[in-house]
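The values are calculated or read from the model by the stated rules, or taken from the named source; none is laboratory data. Computed from a predicted model, the values in this text were never measured in an experiment. Positions of Cβ are generated from backbone atoms using ideal geometry, with glycine treated the same way; all protein chains shown enter the neighbour counts.
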Amino acid sequence: MSDFAQSPSTFPREIFETSMQLIQEQRWLVKMSREFCELIGSCPSDYHRQMLIDLLSRTTYVSAEEYVDIIDKMREQVEDVWNLSPSTTLFVSSNNKHHVDSSKEVLNQLKSSAWKNLSWKKQLFQVAFSTAIGAAKDGHTLVIVDDFVGSGGSMLKALKWLADAAAAKGIAIDLRVLTASGCFEGIANIQNAGYTVQCMVPIRKGLSDHLSGQQLSDAVVQMTDLENALEAEIGGKAKFAAYRFGWGQQEAVYVRQGGNTPNNVFPIFWWRPLKSGARHPIMHRT
């Protein structure tokens, strides 16, 4: 049996007490007792356990009810802050692939929002880049909609594709990004590239933005220990290497009720497949 399938029946009093405090603060963990025990039970020391408990206490959790409010705020950003007009605005999901993903989910939710102006019709909301560019005219604004922006790399590629396609068509368009949530660093990368971007729920790095000096150094070593142990239990180590400390090393700790956990989150919280079977991670990722 692998280390990641074991969990002790008891923990030291201090770990037990901090665990109970964590669950009181992060209520989404109440239904994840088995997964939580398996996670901290796989740790080689109480120092590693305490690091994970501290890290989880910084989780940004978005409930289903809060998510509805976020969609409303995204709509308000378009109508009341950016003051965009439906006659010159189009929306497109950030993922240009054919499979369903969270950006298409947000796009649909935004389309169905309670727009003040009845001219925001479904034809303005596109799922394919080519269709969006095909419908765009000179001077239009094209808003790329996403659920979560990580390092910003994928979004910048999408922006470049759309900018190049608009130039090839001989039109000038205003490209903007509107995301429900995202990492501070990724949002900054998009802004630094010269684009207008609005993130409703910005996420800071779970370790680097909260710790410094020896505390940060210790936490990095402890997380590296845990990721090394996890990597030893899975196949395709080269693939896992890209996700260390979250994709792009974004160190995110984020959960949306009913949502798919971004790969920018520490993989210790969502990685499931092992050579010996499967873990029971505390966060779900398809």
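If you scan the stretch 165-206, which residues turn out to be assigned to a strand (DSSP E or B), of a type in the set (Lys, Arg) and free of Cβ contacts under 8 Å to residues at least 40 places away in the same chain? Of everything in the stretch 165-206, nothing turns out to be assigned to a strand (DSSP E or B), of a type in the set (Lys, Arg) and free of Cβ contacts under 8 Å to residues at least 40 places away in the same chain. For the stretch 265-284, the condition of being over 14 Å from LYS205 (Cβ atoms), without any contact (Cβ under 8 Å) to a residue 24 or more places away in the chain and of a type in the set (A, V, I, L, M) holds for at least one residue.
For the stretch 86-111, give me each residue that is within 22 Å of the chain's Cα centre (by Cα) and among the aliphatic types (A, V, I, L, M).
Listed by number, the residues that qualify are VAL92, VAL100, VAL106, LEU107, LEU110.
Restricting to the stretch 108-121, name every residue that is of a type outside the set (A, V, I, L, M) and closer than 15 Å to SER87 by Cβ. Talk me through it step by step, then tell me what you get.
Applying the first criterion (of a type outside the set (A, V, I, L, M)) to the stretch 108-121 yields 108-109, 111-113, 115-117, 119-121.
Residues satisfying the conditions are TRP115, LYS116, ASN117, SER119, TRP120, LYS121.
Is at least one residue of the stretch 38-53 among the basic types (Lys, Arg) and surrounded by 14 or more Cβ atoms within 10 Å (Cβ to Cβ)? Within the stretch 38-53 (the criterion being among the basic types (Lys, Arg) and surrounded by 14 or more Cβ atoms within 10 Å (Cβ to Cβ)), the answer is yes, since at least one residue qualifies. Just the residues that are in contact with a helix residue (DSSP H, G or I) (Cβ under 9 Å, 6 or more places away or on another chain), farther than 18 Å from GLN50 by Cα and among the small types (Gly, Ala, Ser), please, taken from the stretch 189-227. ALA193, the sole residue that qualifies. For beta carbons closer than 6 Å, sequence separation of 6+ or different chains, a first residue in the stretch 223-244 that is closer than 12 Å to PRO267 by Cβ and part of a helix (DSSP H, G or I) and a second that is at pLDDT 95 or above and hydrophobic (A, V, I, L, M, F, W, C), the qualifying pairs are LEU226/ILE268.
Go through PHE11, PHE16 for me and flag whichever is at pLDDT below 95, surrounded by 14 or more Cβ atoms within 10 Å (Cβ to Cβ), outside the structural domain of HIS140 (by TED's automatic domain parsing) and over 18 Å from HIS280 (Cα atoms).
So the residue among PHE11, PHE16 that is at pLDDT below 95, surrounded by 14 or more Cβ atoms within 10 Å (Cβ to Cβ), outside the structural domain of HIS140 (by TED's automatic domain parsing) and over 18 Å from HIS280 (Cα atoms) is PHE11.
Sub-6 Å Cβ pairs linking a first residue in the stretch 145-161 that is closer than 13 Å to ASN264 by Cα to a second residue that is polar (S, T, N, Q) and assigned to a strand (DSSP E or B), at least 6 apart or interchain, are PHE148/SER181; VAL149/THR179, ordered by first then second residue. If you check ALA114 against the conditions, is it more than 20 Å from the chain's Cα centre (by Cα) and not in a loop (DSSP other than H, G, I, E, B)? When the stated conditions are applied, ALA114 does not pass them. Restricting ARG75, ARG58 to those that are in contact with a Gly (Cβ under 8 Å, 6 or more places away or on another chain) and of a type in the set (Lys, Arg) reduces the list to ARG58. Between GLU251, GLU233, GLU227, which is outside the structural domain of ALA132 (by TED's automatic domain parsing), of a type in the set (Asp, Glu), at pLDDT below 95 and touching a Phe, Trp or Tyr at 6+ places or on another chain (Cβ under 9 Å)? Just one listed residue meets the conditions, GLU233.
Only one entry of PHE240, PHE266, PHE245 meets the criterion of being on the phi > 0 side of the Ramachandran plot and surrounded by 15 or more Cβ atoms within 10 Å (Cβ to Cβ), and that entry is PHE245. Of all the listed residues (VAL149, VAL145, VAL197, VAL127), the sole one being modelled with pLDDT under 95 and either small (Gly, Ala, Ser) or buried (at least 17 other Cβ atoms within 10 Å of the Cβ) (or both) is VAL127.
Is at least one residue of the stretch 256-268 of a type in the set (A, V, I, L, M, F, W, C) and either within 12 Å of the chain's Cα centre (by Cα) or in a strand (DSSP E or B) (or both)? Checked the stretch 256-268: at least one residue is of a type in the set (A, V, I, L, M, F, W, C) and either within 12 Å of the chain's Cα centre (by Cα) or in a strand (DSSP E or B) (or both).
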